[in-house]
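Contents: one structure, followed by commentary.
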Amino acid sequence: MWSAAMMMPAVADFVPPAEGPVPFRRDKLPVDVDTMTALSRQISVLAAAEEAEKPDELRSVAQMAALSLALDPANRQARDLIAAAEKGDMPDSPDSKEIERARTRAWQTLSWLEMPEAGADANALAACLGDVLAVADPGHPKSKERVSELGAWKDWVATKEAFRTPKEAFRTPKEAVKPADPEPTDTTPPEPEDGGQKAVLGLALADLEAAMPVWVHDAETGVESLQALKVTFHGEISGKGRTQLMIPGEGLTQRMAKPFQALEKAMEARHGTLPAGLTVSLGFGKSSYSLSRNGTALSGTAALLLEGALTGEMPTAITLAQVGEGGKLELPPKFWKTLRALSEMPGGGRLILPDQAAEFLPALLTMNDAAFFMKREVVLASTVDELCNLAAAAPQGPAGDAMKRFGEIRKVGDGKPLGTFVAHQATQQRLKEVTDLMPKHASARMLALQGSGNRARSLARPVLAREIRRSLEPIAVLMTLKQEEPTAEAQLDKAHAASREVLDSLTSYIDIRDRDLHKAAMDVTDSVRTLSRLLSKSENENNTMAPKKNLAAKAAREAYLKAIRELTAAAGDEVDYPLPRGAGGGN
């Protein structure tokens, strides 16, 4: 009688992964240690679920183990897996629920890592993670899109050929672990009440996440900066009642109720209906969402997340838009300031803006930032429906064709001087083809305008007012500064220098009719410099310096507030920019 070992089929040799070169650095990943550790465990679970007998299967196990250890060198499960694979003795497969949970969470993390805003190291990790998930979950829509490996595995994991040396397996047969039968569910869709579209039975994805540019305030430095925030989505269905929204943070759920109701109606119109008793929970990890700084801009990203949950397709774009009445897209608060800050951030990808953004975009050309439209594919949308269509990985119809053509233009222009490239007759023709197919392709339209040499030489007054107001932001310290502070003089000098640097850079973009706005800001910087010089002087015998300092401080504050009022009136966005604290209003 043959032994059990002799009855096993021949399998390929397992080649353990090397220690590197790992194509990413853990300390440069935009995720915390807990997330890296959790992702490492999830990949280990998927590795243990592999058959691991054929060369390509064994290589996949080696890739998964390598990735697990790169994320968490202390992952004992991954090291034990490698040791067992070398002996031909793979562990029992985890149960089906654990496997499915690991797949779902790994896909969620991938959706964040592959966003351009996440950075080069995160994108390198995403390329490797996408490779192993395509093997571990071949039925996923993103797996079907992957035609070849994208990760940098060379010299880290051996090629498939190295796993082809046959030998007898050393492991003994194990009882196959059958996936747990799913609980029977009623898949019969409910009859439409009025003969309309069929109701959505559930969510294709209960958990997913997307990146969103948000304004964050650093309490220690007092600096406000635009950062890529990871917004998480979790959906639950009770089967009864209307859709509900839950957002952590005091008052956020209530303040977001109106735009979310508009979003809900737009999604019902798009999908026929929403699952009964749907509860949407949005989260921000260890970060927080500031309503005072970002308003209801979250509603635009919520639309992309809800669409992904309903369709199972992860959004591949970011948006600077908020949802208004009737599902129309509107400019979010501080749009111009956000757009300028986004231009300075690394990364690229597709950016979807409301139609109203069109009047601001030529100003980027005036300010010599045409590269923004090559780095990011900027497109316009007027409704939630358009937003969701354009955020798809491969939009349908003329828009999809236009985006493919624009991708080819970007590829050809990579590394070439932008001005010369977009001015070339062939490029101008290709850009026209894109805008003919998709009139709202803002990047193609703006690059064509740049190449034609017909861009505006001065900023429109509303945009100029916003830029000048932005230059005065450092001087806001004036409103809370105490003259007796040892660092008061230094703070004022720093604010003066920062404001003047921006103001001086704007002089070439100002129409003669708008010089009054610039002069008002210059008066503010002059008053700050005067106050700083007075603060540097010691009190004299007659005690006359203190009154002079107080008068100078009062004059500087009044000049600042007057300028902010005038600039905000010219910008036409009084709702977004109330007066600073200490001036009868709050931010």
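The values are calculated or read from the model by the stated rules, or taken from the named source; none is laboratory data. Computed from a prediction, not measured in an experiment: that's the story for all the values here. All Cβ positions, glycine included, derive from the backbone under ideal geometry; neighbour counts span all protein chains shown. Heavy atoms of the whole protein, side chains included, go into the accessibility calculation; ligands, DNA and RNA do not. Shrake-Rupley method; radii C 1.70, N 1.55, O 1.52, S 1.80 Å.
Here are some notes:
- Condition broken by His496, with the remaining ones in (1) over 22 Å from Thr221 (Cβ atoms); (2) free of Cβ contacts under 8 Å to residues at least 40 places away in the same chain; (3) touching a Lys or Arg at 6+ places or on another chain (Cβ under 8 Å) satisfied: (1)
- Scanning the stretch 1-26 for residues that are at pLDDT 50 or above, within 20 Å of Phe163 (Cα to Cα) and of a type outside the set (Gly, Ala, Ser) yields Asp13, Phe14, Val15, Pro16, Pro17, Glu19, Pro21.
- Condition met for Ser499 (in a helix (DSSP H, G or I) and over 24 Å from Ala357 (Cα atoms)): yes
- Flag for Ser238 being out of contact with any helix residue (DSSP H, G or I) (no Cβ under 8 Å at 6 or more places or on another chain), farther than 30 Å from Glu145 by Cβ, open to solvent by less than 50 Å² (accessible area, probe 1.4 Å) and not charged (D, E, K, R): no
- Pairs, first within 18 Å of Leu449 (Cβ to Cβ) and in contact (Cβ under 8 Å) with a residue 24 or more places away in the chain in the stretch 405-424, second open to solvent by 50 Å² or more (accessible area, probe 1.4 Å) and not in a helix (DSSP H, G or I), C-beta under 6 Å, six or more apart: Leu418/Ala371
- Taken together, the residues in the stretch 455-480 that are open to solvent by 10 Å² or more (accessible area, probe 1.4 Å), out of contact with any Leu (no Cβ under 7 Å at 6 or more places or on another chain) and not polar (S, T, N, Q) amount to 12.
- Checked against (1) open to solvent by 60 Å² or more (accessible area, probe 1.4 Å); (2) modelled with pLDDT of 85 or more; (3) acidic (Asp, Glu), Asp34 meets all criteria but (2).
- Residue in the stretch 80-87 that is open to solvent by 10 Å² or more (accessible area, probe 1.4 Å), modelled with pLDDT under 85 and part of a loop (DSSP other than H, G, I, E, B) present: yes
- Qualifying residue in the stretch 569-576 (condition: among the acidic types (Asp, Glu) and either surrounded by 19 or more Cβ atoms within 10 Å (Cβ to Cβ) or touching a residue at least 24 places away in the same chain (Cβ under 8 Å) (or both)): yes
- Any hit, the stretch 88-95, residues being open to solvent by 10 Å² or more (accessible area, probe 1.4 Å), part of a helix (DSSP H, G or I) and in contact (Cβ under 8 Å) with a residue 12 or more places away in the chain: no
- Residues of the stretch 204-219 that are open to solvent by 40 Å² or more (accessible area, probe 1.4 Å), more than 7 Å from Ala309 (Cα to Cα), of a type in the set (A, V, I, L, M) and touching a residue at least 60 places away in the same chain (Cβ under 8 Å): Val216 alone.
- Here Asp194 meets the list (1) at pLDDT 50 or above; (2) over 30 Å from Thr338 (Cα atoms); (3) among the acidic types (Asp, Glu) almost entirely, failing just condition (1).
- Considering Gln322, Gln356, the condition of being under 28 Å from Arg405 (Cα atoms), touching an Asp or Glu at 6+ places or on another chain (Cβ under 8 Å) and of a type in the set (S, T, N, Q) is satisfied by Gln356 alone.
- Leading residue by the ranking (surrounded by the fewest Cβ atoms within 10 Å (Cβ to Cβ)) among those in the stretch 121-152 that are free of Cβ contacts under 8 Å to residues at least 12 places away in the same chain and assigned to a helix (DSSP H, G or I): Lys144
- Subset of the stretch 287-339 [of a type in the set (Val, Ile, Thr) and surrounded by fewer than 24 Cβ atoms within 10 Å (Cβ to Cβ)]: Thr296, Thr311, Thr316, Thr338
- Annotation: of all residues in the stretch 250-261 being surrounded by 15 or more Cβ atoms within 10 Å (Cβ to Cβ) and under 20 Å from Gly285 (Cβ atoms), the one that is modelled with the highest pLDDT is Met256.
- Scanning the stretch 404-416 for residues that are open to solvent by less than 90 Å² (accessible area, probe 1.4 Å) and closer than 15 Å to Phe372 by Cα gives Phe406, Gly407, Ile409, Arg410, Gly413, Gly415.
- Within the stretch 417-443, the set of residues being open to solvent by less than 20 Å² (accessible area, probe 1.4 Å) and touching a strand residue (DSSP E or B) at 6+ places or on another chain (Cβ under 9 Å) comprises Met438, His441, Ala442, Ser443.
- Residue match in the stretch 444-453 (condition: open to solvent by less than 40 Å² (accessible area, probe 1.4 Å) and of a type in the set (Ser, Thr, Tyr)): no
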